[in-house]
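Let me begin by presenting the structure, written as structure tokens, before commenting on it.
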């Protein structure tokens, strides 16, 4: 059979020409890379915009919830908008606890923010008087610029007046850092605040300290009565123990005629220990009013005092108290016990 086709020629023996190459040229590569980069950049840009929108929403929410902290110059913060929840601010400012706080801030910086609110006169302090005062002292002592600002949480406005009092004391109450006298003083000061519309201190205790147990509120009310009744005659209210203050208040509430006599005796107290001694004598009955009848025998003394060197000894029924410069905590317990045992043995031998 012939190898020719119908056209009269057979298959060509010559090889076919090479296939044309379809490789992308330099310009094509550049265009493709630019297009891919643009697509990737657009996707990243869209994702970044989504993230920015989410961050902005979260920031606005944090602002509304007062979780955003700002750095504020110390000189822009005022502290006269509220009476503070400390009775003797100058004593607190010079205390060992303040020195410890300053040392912590000096070494590690301010770790806890203060709280302020905006007013017509600028920023007013709500919480954090000790931290603010520590920074002010550090700036004055060192001149270091890092102590010229304070980290603060800012509220948009003061809110209700009662809420300001609650916010001011809340932190210290939770930490049990306020004495009963200081908590009572807040209620007394709030009662004299014109914005409170004549609410009494006794009622305000229930509002300002609503989160406390009712028994603790009862003690605060006792101190409100005691401090109001005795006034400036009670010179060292912060040092007054809970039970002693409550017992004295209860007795005065039972007989208000004793108040003037107790005031007069308290004026002679020159320190907290002497004040406590006057109040204990009052409870024992030795400081109560005496009848005007001159034939009435003088009340028998219920205690006596003497000194042994620099130590002051106070003796009464069931109690012997020694005030001394000795640090008894530094004395070995067994040695102190032997001394007390020898003391009791000497008393039994008489």
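The values are calculated or read from the model by the stated rules, or taken from the named source; none is laboratory data. What you see is a predicted model; the values in this text were computed from it and never measured. Positions of Cβ are generated from backbone atoms using ideal geometry, with glycine treated the same way; all protein chains shown enter the neighbour counts.
In the set (1) assigned to a helix (DSSP H, G or I); (2) at pLDDT below 80; (3) exposed (fewer than 13 other Cβ atoms within 10 Å of the Cβ), the condition left unmet by residue 92 is number (3).
Select from the range 254-268 the residues that are touching a helix residue (DSSP H, G or I) at 6+ places or on another chain (Cβ under 9 Å) and at pLDDT 90 or above and write down the one among them that is surrounded by the most Cβ atoms within 10 Å (Cβ to Cβ). The residue in question is 262. Residues satisfying the criterion are present in the range 144-151 (criterion: surrounded by 12 or more Cβ atoms within 10 Å (Cβ to Cβ) and assigned to a loop (DSSP other than H, G, I, E, B)). Against the conditions (1) at pLDDT 70 or above; (2) under 22 Å from the mean Cα position of the chain (by Cα); (3) surrounded by fewer than 10 Cβ atoms within 10 Å (Cβ to Cβ), residue 27 satisfies every one except (2). The listed residues are 108, 131, 67, 60, and the only one of them that is surrounded by 10 or more Cβ atoms within 10 Å (Cβ to Cβ) and farther than 19 Å from residue 170 by Cβ turns out to be 60. Screening residue 320 against (1) modelled with pLDDT of 80 or more; (2) more than 37 Å from the chain's Cα centre (by Cα); (3) part of a helix (DSSP H, G or I) leaves a single unmet condition, (3). Scanning the range 103-135 for residues that are in a helix (DSSP H, G or I) and either more than 24 Å from residue 164 (Cβ to Cβ) or assigned by TED's automatic domain parsing to the domain that holds residue 186 (or both) returns 103, 104, 105, 106, 107, 108. Filtered by the rule that a residue be farther than 17 Å from residue 220 by Cα and either in contact (Cβ under 8 Å) with a residue 40 or more places away in the chain or not in a helix (DSSP H, G or I) (or both), the range 193-204 gives 193, 197, 198. Entry remark, the range 180-218: residues being surrounded by fewer than 21 Cβ atoms within 10 Å (Cβ to Cβ) and either in contact with a helix residue (DSSP H, G or I) (Cβ under 6 Å, 6 or more places away or on another chain) or under 23 Å from residue 160 (Cβ atoms) (or both) number 20 in total. Within this structure, residue 100 fails the test of being touching a helix residue (DSSP H, G or I) at 6+ places or on another chain (Cβ under 9 Å), free of Cβ contacts under 8 Å to residues at least 24 places away in the same chain and either under 21 Å from residue 145 (Cα atoms) or in the same structural domain as residue 184 (by TED's automatic domain parsing) (or both).
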